[in-house]
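Okay, so here's the structure we're looking at.
The values are calculated or read from the model by the stated rules, or taken from the named source; none is laboratory data. Keep in mind the model is a prediction, meaning the values are calculated, not measured. For neighbour counting, all protein chains shown are included, and Cβ atoms are generated from backbone atoms with ideal geometry for every residue, glycine included. Protein only, heavy atoms only, side chains kept; ligands, DNA and RNA dropped before computing areas. Shrake-Rupley method; radii C 1.70, N 1.55, O 1.52, S 1.80 Å.
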Amino acid sequence: MPMWFCDIEGCQKPAVRHFGECILCDRHLCAVHLQPAFHRCPQWEDEHAYDPAARDAEARELAELFGKINVSALEARASSLRHGVPCSVPPLRYDRSTMSATMGGMNYHVEVAFDDGVRWMARIRRSNATSPPPALRDYILQSEVATLRFLERTSVPSPCVFDFALEGADNAVGVGYILMEKLPGKSLRWALATQAQKNKVMSQLADAFIELSRYPFDRLGSLDRPGDGHVGPFARESLTDFAGSEMRPLGPFSSYGQYHESSLRLVLDLILRGEMYAPQAVDAYLIHRFLVDLIPLIAAEPPHTEREQRHYLKHADDKGDHILVDEDFHVTGIIDWEWAHTAPAAVAFNSPIGLLPVANFYDGANELGADEAVFARLLEEKGRADLAACVWNGRVQHRFAFCCGYDLADWRGFVGLFRGLRDVVGVDAGLDWDDWKAVALRRYEEDAGLRALLSRHEAAR
Ligand SMILES: [Zn+2]
Ligand SMILES: [Zn+2]
């Protein structure tokens with residue numbers, strides 16, 4: 001059974017992940033029904049048609065979400081956690097001017113204001129065609145809580161969790177939520193910061209890395225039990241398979257090679273089952289098949305004696321806006337920990353995505369950016385040349401991670417990323433896409449999956 005079936009009546013096919021998720025008509029579509037002959041919603045490239053339709057869809061989605069939230073139950077719960085200090089939640093209204101402050105891609109934030117001035121925040125999962133199924137939403141939420149509870153034991157600035165509830169029926173609030181501290185500060189906007197401000201933030205980020213390096217874990221996966229530091233399977237949609245009605249998140253793993261092997265095999269399986277990359281299945285298959293062959297080059301294991309306890313917590317979306325800063329660029333919090341997982345030092349302490357020199361990176365250049373060099377030197381100055389080495393040698397890890405499961409609709413971006421990967425590992429370096437594809441078709445001509453895909457394509461002609 002796939003993650004979703006196609007929503008077209010009478011169609012029994014699996015819906016395509018990502019490409020087949022339409023927020024406008026709120027449907028999951030299979031490889032056939034997502035084609036323009038059947039699916040007529042505007043595409044995102046056509047912004048004049050798409051943007052107003054997306055706003056309408058968002059308004060409908062939030063109206064439905066607000067309808068599910070039992071505000072008085074939420075207020076009563078928050079108040080009881082503070083021994084009866086009264087609190088209130090402002091009326092839930094869809095207002096586009098304030099949306100960016102209250103909403104992320106996966107969550108909606110409701111402020112809880114206590115009469116004594118204390119402010120909390122309820123982080124509530126959104127639900128639309130791009131959201132994971134409810135069981136997986138619950139697992140991701142529970143993992144985020146486990147991660148935040150772990151962080152409370154460290155000096156990494158992050159919000160305290162006071163309560164959480166899953167979407168299950170015994171939840172009086174009606175929706176899954178995390179009740180947490182509302183931290184002061186605003187999301188960092190890297191492009192608007194001066195060099196001195198950036199350096200100040202990077203120094204504090206280096207301190208957070210050094211602190212996280214003091215808490216090794218023995219396995220690769222996501223924290224999944226609030227309070228006890230247990231590492232379970234990865235809490236992420238792209239790393240979850242479904243069999244029957246059973247959700248099968250991947251992991252936990254004991255080595256990074258095993259993790260990549262397993263996640264890439266899932267991508268290849270999903271391509272063959274028509275659940276991923278339906279419009280570009282052969283290209284996607286060749287790319288991911290090639291990535292499997294590169295695993296030994298990017299997942300070198302440390303010497304045997306260091307094998308135990310060698311994974312560290314990694315934020316999964318470190319673009320920069322996960323950092324809250326005050327007016328003096330003092331970091332008040334690192335937020336948005338959903339999807340967080342443990343990773344080897346080479347990945348956990350590599351430079352955050354927000355520090356990448358974006359244009360050069362997508363162009364295929366493998367030199368580190370100026371911010372990354374500053375960050376590495378800060379780690380060295382703080383006496384952690386070992387962590388700095390993860391940054392200096394980190395480009396190969398960025399390249400590989402970006403190429404796994406990349407959205408091929410951004411084809412130009414992908415071509416640069418992929419060329420940069422082949423250059424940095426020294427395999428098929430310098431080939432442009434068409435030449436590489438010809439080489440790969442020959443190289444994998446005996447691969448059973450590729451043969452099945454090619455004959456399916458022939459038959460469809
Ligand atoms: Zn649609
Ligand atoms: Zn269909």
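Within 10 Å, count the other beta carbons around each residue, average over each peptide in 113-124, 281-292, and list them highest first.
Ranking the peptides 113-124, 281-292 by packing returns 281-292, 113-124.
As a test of the formula, what do you get for the chain when each DSSP H run with n ≥ 4 contributes -39,500 (n - 2.57) and the sum is divided by the residue count, at 222 nm and rounded to the nearest 500 deg cm²/dmol?
-13000 deg cm²/dmol
Rounded to the nearest 0.05, what FRET efficiency is calculated for residue 44 and residue 97 with R0 set to 22 Å and r the Cβ-Cβ distance?
Approximately 0.45, to the nearest 0.05.
From the C-alpha gyration tensor of the stretch 350-461, pull out the three semi-axes of the equivalent ellipsoid (sqrt of 5λ each), sorted largest to smallest, in whole Å.
Square roots of five times the eigenvalues give 36, 14, 12 Å.
Roughly what % of Cα-Cα distances in the stretch 68-184 sit above 24 Å, to the whole percent?
Looking at the stretch 68-184, the distances longer than 24 Å represent 25 percent of pairs.
Any idea what Rg and Dmax come out to for the chain if you just take the C-alpha atoms, in Å?
22.9, 70
Ignoring ligands, DNA and RNA, how do 351, 245, 187 rank by accessible area with a 1.4 Å probe, largest first?
Most to least solvent-accessible, the answer reads 245, 187, 351.
At a 4.7 angstrom Cβ threshold, list every cysteine in the chain that has nobody to pair with, or say none.
So, 22, 25, 41, 87, 160, 390, 403, 404.
Local charge sum around residue 94 (other residues, Cβ-Cβ under 15 Å, Lys/Arg +1, Asp/Glu -1)?
Cβ neighbours under 15 Å give a net charge of +1.
Provide the solvent-accessible area of residue 99, counting protein heavy atoms only and rolling a 1.4 Å probe, rounded to the nearest 10 Å².
Looks like 10 Å² after rounding.
Quick check: pseudo-label points 7 Å beyond the Cα along Cα→Cβ at residue 162 and residue 246, how many nm apart are they?
4.0 nm
Do you know the relative contact order of the stretch 338-461, to the nearest whole percent, from alpha carbon pairs under 8 angstrom that are 6+ apart?
For the stretch 338-461, the relative contact order is 22 percent.
Among the GluC sites (Glu not before Pro) within the stretch 277-368, which fall in a DSSP loop and have no more than 14 other Cβ atoms within 10 Å of their own Cβ?
Within the stretch 277-368, the qualifying GluC sites (Glu not before Pro) (loop, at most 14 other Cβ atoms within 10 Å) are 308, 327, 367.
Ordering 431, 24, 192 from largest to smallest accessible area (1.4 angstrom probe), what's the sequence?
192, 431, 24
Of the cross-linked pairs 314/382; 68/182; 13/68; 182/319; 200/314, which ones have a Cα-Cα span greater than 27 Å in the structure shown?
13/68
List the GluC sites (Glu not before Pro) within the stretch 374-461 that DSSP assigns to loop and that have no more than 13 neighbouring Cβ atoms inside 10 Å.
Sparse-neighbourhood loop GluC sites (Glu not before Pro): 445, 446.
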